[in-house]
1. Using the Cβ atoms and a cut-off under 9 Å, what net charge is assigned to the surroundings of residue 447, where Lys and Arg are +1 and Asp and Glu are -1?
2. How long is the gain from residue 322 to residue 103 if the chain were fully straight, where each residue apart is worth 0.36 nm and the alpha carbon distance is subtracted?
3. Output the peptides 488-501, 93-106, 635-648 sorted from most to least packed, where packing is the average of other Cβ atoms within 10 Å over each peptide's residues.
4. A 27 angstrom limit on the alpha carbon distance is what I want to check against. Which of 296/523; 68/483; 63/577; 569/607; 614/635 exceed it?
5. Residue 637: net charge of surrounding residues, Cβ under 12 Å, Lys/Arg +1, Asp/Glu -1, itself excluded?
6. Listed here are the pairs 403/517; 511/683; 306/374; which of them are more than 26 Å apart at the Cα?
7. Go through 288-295, 64-71 and give me the packing order, highest mean Cβ count within 10 Å leading.
8. How many nm is it between the label spots at residue 527 and residue 471, if each spot is 7 Å from the Cα in line with the beta carbon?
Amino acid sequence: MALPGVTNRKRLVALLLGFTLIFFALTIRVGYIQLVWGVDLQKKAADQWTRDLDVFPKRGVIKDRNGKILAQSATSESIAARPSQISDPRKVASLIAPILELDEEELYKKLSNTSNTYVWIKRQVDRETANKIRALNIKGLDFTEEPKRYYPNGSLAAHVLGFTMKYAEPGEGLKGQEGIELYYDKYLKGFPGKILMETDAAGREMPYNVDRYIPPINGFNLVLTIDQVIQYFIEREINNVVAKYNPKKVYAVAMDPNTGEILGLANWPTFDPNNPPRDVGNFEEMQNYVKNFVCKDNIDPGSTFKIITAAAALEEGVVSLNSTFSCPGYKMVDGQRISCWRAGGHGHETFPEAVQNSCNPVFMELALRLGKDKFYHYLDQFGFGQPTGIDVLGEERGIIMSKETAKNVDLARMGFGQAISVTPIQLITAVSAVINGGNLMKPYIAKELREVVVDENGLETERVVKTVTPQKVRQVISPETSKIMREVLESVVTDGSGRNAYIPGYRVGGKTGTAQKYGPGGKIIPNKNISSFIGFAPADNPRVVVLFMVDEPQAPVTFGSIIAAPYVKNILEDTLKYLGVEPVFDEDTQEDVQQVEVPDVIGMSLKEATQALKGVGLEYLADESGSIVKDQMPKPGAKVISGTTVLLYTEREVQGQAEGQTEEQPGESPAEGMVTVPNVLGKSIREANRILVSEGLMLKIEGSGIAVEQDPAPGTQVEEGTEVTVRFALPSERQQSGQDQDSE
């Protein structure tokens, strides 16, 4: 047998090498496909022979601290279709369109478009309607349950809770919008499940298909620090103040000062989270309803900020309880004259009396004694100019001018609550530190996260997976300073401007405030104020602190003591009783406190009403333009401290029916619609206002002190409602007073 030639052997080697290379390349290719493309190709294959239907998770329940449900999820059925499985789209459309109240032609187009493997027919239909469609037994229709959020208390705690999107993308469930619903969305929403089925290439269900169910993972339940009952107390008083004063906004928050737990929080305007205002104009306008103003509005604190200045001054030793001051009605700083809210000043006063009187010059002096470095140190320590860390997305940090650019005049104004903007949540958190022993606590709303566990018998129980505990940020002032401040602030309610917040049997502390508002260029906007009061009780061991702020109340007299303090009193009184804090009537609580019953002066002439009030030891301020009392605040029968100011709402007296009018009156009495300008020279601003308002006239103030000039002159006949310009000056100085003031 002849041996192969050299040429043939080379060909065999080359052929063998070629096959080896091809085999090696195929091996690499197969390995690459399996190892690198495998997952992707498997997913594509599964998409071709399977179809899936989303099963939405149940969004977690939101409860108050006592287990009362504030938000929960109900279920509604949604109907979808697989066009490739619909044998007669025209017939199916004619059958179900009337039941679902859909356009038959539009539905037919959906069902006949086989390029879509899955289409929604109608989402969130009621159970009865879904059962009617189900009874038709139409192949190619799918039914699935979708969650629907429900808020059983309507608008109660709306700004705390927020709301969810009405419809979400398939597979995502409900999505939180604003409030707790947004902040804790990842815990509340859960994870969706699926129903899987095998289909052919055309998307038709296989004859022997066995559906595979992947259950959803429901969201965690959330327990809040909010107490539904206290929340109701707050919103009740907001509704009352809105009905009476028609303000632009109202802010209110109640907190446990020792822990930072928010017991109640509300704003006005408000909304119903069951039907949130998504269609209101534009996004900015919608935010005027749904955003949490307490945490997201920067506002001037006014005299409530004096609590911070006083605490810092006491801690640094620049003032003591025995310190004395003299208030002439103004203070000169950097060549600028800054007035006290009281014309003519408060004269000689001790430090506690200065707090009771809310004397601006004293707090300017305290800020200047502290100096820029120490004052700014306490601003930082009390948490101003920085977020509190409360569980609200988008919290503002306040506005504080830089220390480098601040002058003494700026420091003086900040000392009594001007030239600085804070959020209400910053303010109540800082005041809580003043009264709780000196600890700045982090405010929080969510208390616990709980997982719903189903046992083998189908019974549901809750398992706590996370607990939020009180968090101390830092020690700001000493317990000794805190104790002194509690006593001083209690004296504001018993002896000072906060008398309208006094509650018989309870020791209440607090501070009034009436902040001016500023327009373009930093100019003060006339007759637009923020009236506020912050109160706490019991004063010796605070259980609750309440901040109540009314933005632009529609009333000529806008002192925080009149507009806000009575409503804080109502919230505190009901809350203390609800918490089981019993009133104590003993020598300690009644010392130097004389209670009187407010007389009923409605229907009286202004003169008679003032005599009746003074007869029982009460002060008054006249509101509106008239001489007959049509309403009063506090109401008749209320128990108040002697010296409390009663606000009188008046109306014009019907001509010819004034009590005491006789035929012996002078014949030159004013014509109808006209009044005689009274003489107010030598009167204080308050006295002049009382006299002019009682005659149906309005007061325009120039300067401060005692009235030295008026226009029109006394005795002039003018129309009702005419503005009388009165210039005031200090008795020892015939000059105009400064312009920047902060009431109370």
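1. -1
2. 70.5 nm
3. 488-501, 635-648, 93-106
4. Going by Cα-Cα distance, 68/483; 569/607 fall outside the 27 Å limit.
5. Around residue 637, the surrounding residues sum to 0.
6. 511/683
7. 288-295, 64-71
8. In this crude spin-label approximation the distance works out to 4.7 nm.
Bear in mind these aren't lab numbers, they're just calculated from the coordinates by the rules spelled out. Since the model is a prediction, treat every value here as computed from it, not as a measurement. When we count neighbours, we look across all protein chains shown, and the Cβ atoms used for this are built from the backbone with ideal geometry, even at glycine.
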